1. Look through the stretch B:146-165, keep the residues that are closer than 17 Å to A:Asp142 by Cα and within 12 Å of chain A (Cβ to nearest Cβ), and return whichever of them is surrounded by the fewest Cβ atoms within 10 Å (Cβ to Cβ).
2. Would you pick out the residues in the stretch B:79-132 that are at positive phi, within 11 Å of chain A (Cβ to nearest Cβ) and in contact (Cβ under 8 Å) with a residue 40 or more places away in the chain?
3. Filter the stretch A:123-157 down to the residues that are touching a strand residue (DSSP E or B) at 6+ places or on another chain (Cβ under 6 Å), in a helix (DSSP H, G or I) and farther than 25 Å from B:Tyr101 by Cα and list them by number.
4. What about A:Gly48, is it surrounded by fewer than 21 Cβ atoms within 10 Å (Cβ to Cβ), more than 21 Å from A:Lys195 (Cβ to Cβ) and not aromatic (Phe, Trp, Tyr)?
5. Picking from A:Leu56, A:Leu44, which residue would you name as being of a type in the set (A, V, I, L, M), under 12 Å from A:Gly205 (Cβ atoms), in contact (Cβ under 8 Å) with a residue 24 or more places away in the chain and in contact with a Gly (Cβ under 8 Å, 6 or more places away or on another chain)?
6. Give the stretch A:13-41 a look and list any residue that's over 16 Å from the mean Cα position of the chain (by Cα) and in a strand (DSSP E or B), or say none.
7. Any residue that is under 19 Å from A:Asn206 (Cβ atoms) and among the charged types (D, E, K, R) - is there at least one of those in the stretch A:114-126?
8. Output the residue which, of all residues in the stretch A:53-109 that are part of a loop (DSSP other than H, G, I, E, B) and of a type in the set (Gly, Ala, Ser), is nearest to A:Ala197 (Cα to Cα).
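Throughout, read-outs are computed from the coordinates displayed, never taken from laboratory work. Note that the structure is a prediction, hence the values are computed from the model and not measured. All Cβ positions, glycine included, derive from the backbone under ideal geometry; neighbour counts span all protein chains shown.
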2 protein chains.
Amino acid sequence: MRRIYTGKTKDVCALDDGNYLLKFKDDVTGENGVFDPGANTVGLTIEGAGRAGLRLTKHFLEILEEKGIPTHYIDANVEEATMTVKPAEVFGNGLEVICRYRAVGSFLRRYGMYDKEGQPLDAFVEFPLKDDSRQDPPITEDALVVLGIMSSEEYREVKNLARKIGAIIKEELAKKGIELYDIKFEFGRVGEDRKIALIDEISGGNMRAYKDGKYIEPLMLEKLILDA
Amino acid sequence: MRRIYTGKTKDVCALDDGNYLLKFKDDVTGENGVFDPGANTVGLTIEGAGRAGLRLTKHFLEILEEKGIPTHYIDANVEEATMTVKPAEVFGNGLEVICRYRAVGSFLRRYGMYDKEGQPLDAFVEFPLKDDSRQDPPITEDALVVLGIMSSEEYREVKNLARKIGAIIKEELAKKGIELYDIKFEFGRVGEDRKIALIDEISGGNMRAYKDGKYIEPLMLEKLILDA
């Protein structure tokens, strides 16, 4: 087993059988000690954040697998904060996919001339490129195709999957009286037939959730969902 | 006749018959005295730039009218640097439409991780919102619809028109051995049936054109095209 990538919130190791081991860290994204799922820097370290993020990821990925949604998930060891996954090829050098139900975060900042905070967005999907030095610029279908990052067919499939998965997570949260405002995914091509699958994690760090109009921090979200 | 808008490179007056008079100024966009068609500030003033821009706009708009492309154009007085146009309703608070044949300018800066300067882009169309304070953020079809700026049908029509007009201008330039790299349009809803038409100008200030691999300044471009 050898470490092949050191990420902001996870490390990645290659396993001898060709699969990968993701090690969830206690570092979370944010700025100046304040958590922000849209930030590109590690803002703070919270004891137990890695295990909590993995516990929620395992919970959601297993629900998705049951519903026949393709993911890279194999299994997870919550105590060790590790998850075993299938190898995946990312789009370009990494592409995020955000499904938005209400206007907050970068969407609100970018289109502030036209929207109000919390305005409904009807499962709007956008594709920000992972490029810290350019503040993750959103990219259109046409630009993804012309730059060779993905095909039109892949774009449509990823967009449909993002909406489908977003709706499942939104419904899970609603069972606990929590409203999902937005959620960030990553997809990749998995297996020999390069089938599109959800990769990475689904934890509090990937979404903005509100209860009674108040934003819920990731660790609290994990408690509300998993501790009945 | 009363002035209703003072723009960076044009003033707009309302005429008594309901039409509008555009007054082309000698100010051009750029920064620190250097012309840049993508800039949001007036960078320099060039004696005669207004008349030259109008001369080229008149030339191109009359070619487009002949080919049946809807525009807001009625007539022009080059000596006075004025153009009479039909009233138009813009999309939102103003939306630019750029048709790109080669990667330069903001496209190159934004997607620099994936493209090379001058890389062919196959008539790629993008829609930057006119919002100086947010550096004219590009917007996707889905975001235009969810924010109520235009419908999907209008998006498709504008995109088709931009490609059609871009191809005509590109061909006109090619007759003089000049290659069009990109061109910026503005569209609006014109008349009682709110038909989509090209509005604003088509001059050297709206495009990047190259000859023998060298960028041509707007005034030189106007000379090369109009002075046979």
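1. B:Arg163
2. Across the stretch B:79-132, the qualifying residues are B:Gly92, B:Gly94, B:Ala123.
3. A:Glu157
4. Yes; evaluated as a whole, the condition is true for this residue.
5. None of the others qualify; the one that does is A:Leu56.
6. Within the stretch A:13-41, A:Cys13, A:Ala14, A:Tyr20, A:Leu21, A:Glu31, A:Val34 qualify.
7. Within the stretch A:114-126 (the criterion being under 19 Å from A:Asn206 (Cβ atoms) and among the charged types (D, E, K, R)), the answer is yes, since at least one residue qualifies.
8. For the stretch A:53-109, the residue satisfying everything is A:Gly68.
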